[in-house]
Structures are given as structure tokens and as C-alpha cells.
Amino acid sequence: MTDQPTPTSRLRRYAPRIVVALGLIVAVVVGAAFAAAPLLHIPGPATLAHLLRDAPSTQGGLFESRTVPAAPAPRPLPRATAPLPDTVPWKGSHVPVADFLAATGSNSFLVLRDGTLTHEWYRSGVGPTTKQSSWSVAKSVVSLLIGRAVEAGTLREDNRLVDILPELADGTDFDSVTLRQLLDMTSGVDVSENYNPYWPLTGTARMYLTEDLSGFVRDHRELRFAPGSRGDYRSVDTQLLGMALARATGTALGDLLAQQIWAPIGAEDDALWNLDRAGGQEKAFCCLNATARDFAKIGQLVLDGGRVGETRVIPPAWIERISTPAPLPVSEWGYGAQWWHPTGAEPDLMAIGVYGQYIYVDPSSRTVIVKLSDHGTAEDEEDTIEVFRALAGAR
């Protein structure tokens, strides 16, 4: 009787073949990825691998960018010491501030009172000159630039997008989309808010990766609903706004930011705004890489009614515009011209980015809080705002 091979002996016998087969499969997959990347207008596998393992705050270094130079006359923030409360509310309990920061993957945490920096904290490896990605906080910065263009008459909120970018006209309801609808996220343009790094070829994830933003928006003009009929948060709306602003002014967004905001606020450090490709255009919906202190100056600019000292930087009418929720909500929170309004009676407003990026502005207490993080895509926003409001009220 012939001995039957055991499972172990079979594995030993076929192991070399299995290894070769797996190697061939991996080679085919990697080769296909390298071949497909140029056709899909996305970065190659090496960059995609970094996106899977690198912290979100550092991913700006993986893409081309336009430099937004520091102000010719930097304005360091005044400083004073003011202790924070011993504890803050967190998920139905009270915890030390340090525990809150650790639980939410914080990298930087700044508090300003009346324009004075009263608290500044960084985790190990991060400091005052470390650039971190804004993610969608950039949307709120684009809004401020739009406000200047509206005051100058370069743009009007009732402009149709296709009157500024005629190459996007397609004879459908898309042609009726206005800048106002893009500002308030009521356009209906159907690009899903997908951030899944393991499914990077759809929605916002694909827009983040594309090396051809013009081609991307041209290929994504379908509508989920009639423009102006409801609200729905869509990053593509801000991308279209940024492209319209650059076309109308004849100036790249990074250059507009440098001239119109970065210099007047006295930004202390260069910023980097990621582009779709070398010499290309800004990812208006995200990816402004800057220091926490300079982000705080954006918040202070809004708190001060658009002024820096006696210099008017943002029109008062636009500060009112971003301070007023639009009629159609995009979520349980209010939203107006690319700025968020959390629930409650307080007049606070915020710029928010995925993974836990915040510029919080509370006019009542004259408080600005900046929190930059590597938190998850579900970043405990409701609980975080409760912390901000507790800190703003602790005077």
C-alpha cells in the first residue's frame, strides 16, 4: 500500500510553486498599477503606499505645491500666560485637557484671547514652525478670497459657474449652478465624500489624487438633485469655486492668498498649497499646509471683523455672510459660505477639516482655538465643540 502524502508534505512539495505563483501575481498587480497610473491621472504606487501609512497631517509633502511666502512684515502673536481649566467635558465625563488632546490625536493646540496667545501646546516631534495639512479648513480660506472678489465686483454670487468656466457647459441642469449654490453646498454636483484610502478611485478620494483637476470636474458634472433645492456637503463645490476664482482674477489661488491675506495678517512662515501636478492648480477643497500660529491668525482675522489693526482685509459684509447660516442646512449643523455653525444659540463659527482640523472662533468671548490633529474620519466633532465652548467660557 502506497503511503498517502500528509498535508505538511504536500505543502513542502508545492511551496516553491506557490511562491513563484504569488510572486507572479504581485508582479502583475504592481505592473498594472504602474501602467494604469498615467492613464488614470493619479500618482504611482509608491505615493499610494505612503498615503496608506503616513499621518494625514504630513501628506502634503507627497504632492506638488505652490509656495505662499511668509509676510514681508511678519506679526508675531502677542503672548500672555493664562491657565486652562483643570478639566473639560468629554463624552459625558470630565477629563484633563491633556487626556482630551491625547484621545483625539492632537498635534497642535492653541488658544487666543483678545488676539493674545495664551496657550500653546505641541506633541513631541511637532513645533511652532511645523507645517500641517489643513484638509477642509482650506475651504473656509477660499471663502475669504471669494468675499474679496465679490466686493471688488470681479465675481457675483449669482454668477453661473459656466459663465466663468464656459468649457464646463454641457446643456444640462449643471449649467444653472451658481456661485452662491457652490458656496452654500447646494449645487447638487454628484461627487461623493469618499475618503477611504483603500478605495481611492471614486469621489473626493479620486479628486484628491488626480493630476488633472480640470479633467476631473469635466468628467463629473452629473447632479444628485436640482441645484438650490437642498444642501449636501460636497468638496467638489469648493474645487469649482477655486477654479472660478482663479479664472476670474487671472491669478493662482496661492498667489491670491499670499497677496490678499497672508501678507496682511503678518504670517510668520511660508505655507504650501498642494497642486494637482507641477505647475498646475491648487486643490481648493483641501491641502493648505501651514503652521498652527498662522492658522490662528486666520481665525483672529475673522474674529476682528475682517481687520488687522486699522487695515480692512475682508469686507464686513462678507464676515456677516460667513457668520450667518444659509437657509438650507448641509447637516445637523448650520453652514454658510464654507464656514460651519455648530448647534446651539452661540454665535460661534468654525473652519473644519477631516482628521480633526479646527479653527474655532467665538465672538462672545473673543476666543480663537486652533486644533490640528491626526484623528479619524469620524473625529468626535460634537464632543470637541463642547470642549471648545467650555474653554471659551472659562474666563
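The values are calculated or read from the model by the stated rules, or taken from the named source; none is laboratory data. Computed from a prediction, not measured in an experiment: that's the story for all the values here. Note that we place each Cβ from the backbone using ideal geometry, even for glycine, and neighbour counts take in every protein chain shown.
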* Asked: Looking only at residues in segment 335-347 that are modelled with pLDDT under 95 and at negative phi, which one is surrounded by the most Cβ atoms within 10 Å (Cβ to Cβ)?
  -> Pro342
* Candidates Val137, Val141, Val150, filtered to the one that is out of contact with any strand residue (DSSP E or B) (no Cβ under 8 Å at 6 or more places or on another chain), assigned by TED's automatic domain parsing to the domain that holds Leu84 and modelled with pLDDT of 95 or more -> Val150
* Check Ala267, Ala271 and return the single one that is buried (at least 22 other Cβ atoms within 10 Å of the Cβ), within 25 Å of Thr367 (Cα to Cα) and within 18 Å of the chain's Cα centre (by Cα). => Ala271
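Listed here are the residues, each with its yes/no results for (1) part of a helix (DSSP H, G or I); (2) outside the structural domain of Gly334 (by TED's automatic domain parsing); (3) among the charged types (D, E, K, R); (4) free of Cβ contacts under 8 Å to residues at least 40 places away in the same chain.
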site	(1), (2), (3), (4)
Arg206	yes, no, yes, no
Arg221	no, no, yes, no
Phe225	no, no, no, yes
Leu245	yes, no, no, no
Leu257	yes, no, no, no
* Asked: Looking at this structure, is Glu386 modelled with pLDDT of 95 or more, in contact with a Pro (Cβ under 7 Å, 6 or more places away or on another chain), of a type outside the set (Gly, Ala, Ser) and not in a loop (DSSP other than H, G, I, E, B)?
  -> yes
* To do: For Trp340, state whether it is more than 26 Å from Ala102 (Cα to Cα), outside any loop (DSSP other than H, G, I, E, B) and either of a type in the set (Phe, Trp, Tyr) or without any contact (Cβ under 8 Å) to a residue 60 or more places away in the chain (or both).
  => no
* Determine which member of the set Thr81, Thr87 is loosely packed, with under 12 Cβ neighbours inside 10 Å and either among the basic types (Lys, Arg) or assigned by TED's automatic domain parsing to the domain that holds Val217 (or both). => Thr81
* To do: Read through the list (1) crowded, with 22+ Cβ neighbours inside 10 Å; (2) under 22 Å from Lys91 (Cβ atoms), then give the number of the only condition that Ile359 fails.
  => (2)
* **Options Val95, Val111; residue that is assigned to a strand (DSSP E or B), among the hydrophobic types (A, V, I, L, M, F, W, C) and over 25 Å from the mean Cα position of the chain (by Cα)** => Val95
* Please enumerate the residues belonging to segment 118-146 that are more than 17 Å from Gly356 (Cα to Cα) and in a loop (DSSP other than H, G, I, E, B). => Ser124, Gly125, Gly127, Pro128, Thr129
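The rows are residues; the columns are (1) outside the structural domain of Trp333 (by TED's automatic domain parsing); (2) under 22 Å from Pro56 (Cβ atoms); (3) hydrophobic (A, V, I, L, M, F, W, C).
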position: Arg156; (1), (2), (3): no, no, no
position: Asn159; (1), (2), (3): no, no, no
position: Pro166; (1), (2), (3): no, no, no
position: Gly171; (1), (2), (3): no, no, no
position: Gln181; (1), (2), (3): no, no, no
position: Asp184; (1), (2), (3): no, no, no
position: Ser187; (1), (2), (3): no, no, no
position: Asn194; (1), (2), (3): no, yes, no
position: Trp199; (1), (2), (3): no, yes, yes
* Asked: Being modelled with pLDDT under 95, surrounded by 16 or more Cβ atoms within 10 Å (Cβ to Cβ) and on the phi > 0 side of the Ramachandran plot, is that true of even one residue in segment 195-214?
  -> yes
* To do: Quick one: which residue in Asp232, Asp237, Asp269 is in a loop (DSSP other than H, G, I, E, B), in contact with a Ser or Thr (Cβ under 8 Å, 6 or more places away or on another chain), closer than 27 Å to Thr324 by Cα and charged (D, E, K, R)?
  => Asp232
* Are any of the residues in segment 290-306 more than 18 Å from the chain's Cα centre (by Cα) and within 15 Å of Leu183 (Cα to Cα)? -> no
* Hey, does segment 360-372 have a residue that's closer than 25 Å to Ser229 by Cα and in contact (Cβ under 8 Å) with a residue 24 or more places away in the chain? -> no
